[in-house]
Structure formats: structure tokens, C-alpha cells
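Here the structure is laid out as C-alpha cells; the discussion comes afterwards.
FYI, it's all coordinate maths here, none of it is from the lab. Everything numeric in this text was worked out from a predicted model, so none of it was measured. Neighbour counts run over all protein chains shown; Cβ positions are idealised from the backbone, glycine included.
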Amino acid sequence: MTSDSLTTAEDTITYRGRVVPSEIVFLNQLIESHDGVGLLRTIDFKEGLVEYWIPRSQQPVFEGILRELREQDLFEVFEQGTWSPENGDIS
């Protein structure tokens, strides 16, 4: 991996939302199948709370995936921001 391919915190957009808990594994595999689009982190499995970490350069691709997930009622975004390394949270 070269330094040109590294993503900084300022280049990472996060989307927090809610999914049907039984769909978390499917959604993780969906994002992983799109190499480099992002990562899925489970915040609370029982509640279906998840967070996607998306490189800014991949946001258009992710937004297309997100549109399809919303149409199928698989993902509801309730917070979007930029990841902050100082507090480990989004701003």
C-alpha cells in the first residue's frame, strides 16, 4: 500500500443508521464485495445500529448502494458526518 492510497480521517465520511439485525451480515458482505467502498461497523446488533466508514472518493458509489438499500427498506440513515480521530466519533 502506498501513501497515496491511505485515507485520512478528514477523507472518511461516516453514515450511522439502523438496519434489520438479521441483515447486518448481508450488508457487510455487500460492502466488502465492492472493493474499497467502505467498512461496516456494528454498534449494537440487537438494535440493528451500524456505522459505515466511507472514503470520500467512494461516496458516489456508496450513495448508489445506499439508494438501493433505502428502496428495499434495508437501511435508514439517521446521522452523517466526518470521523474525528480525537474523540473516535463523528462530527
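Quick one: divide the alpha-carbon radius of gyration of the stretch 12-79 by 2.2 N^0.38 Å and tell me what you get.
0.98
Residues in the stretch 17-36 near a label at LYS46, defined as backbone nitrogen under 20 Å from the 7 Å Cα→Cβ point?
Zone members listed by number: 17-25.
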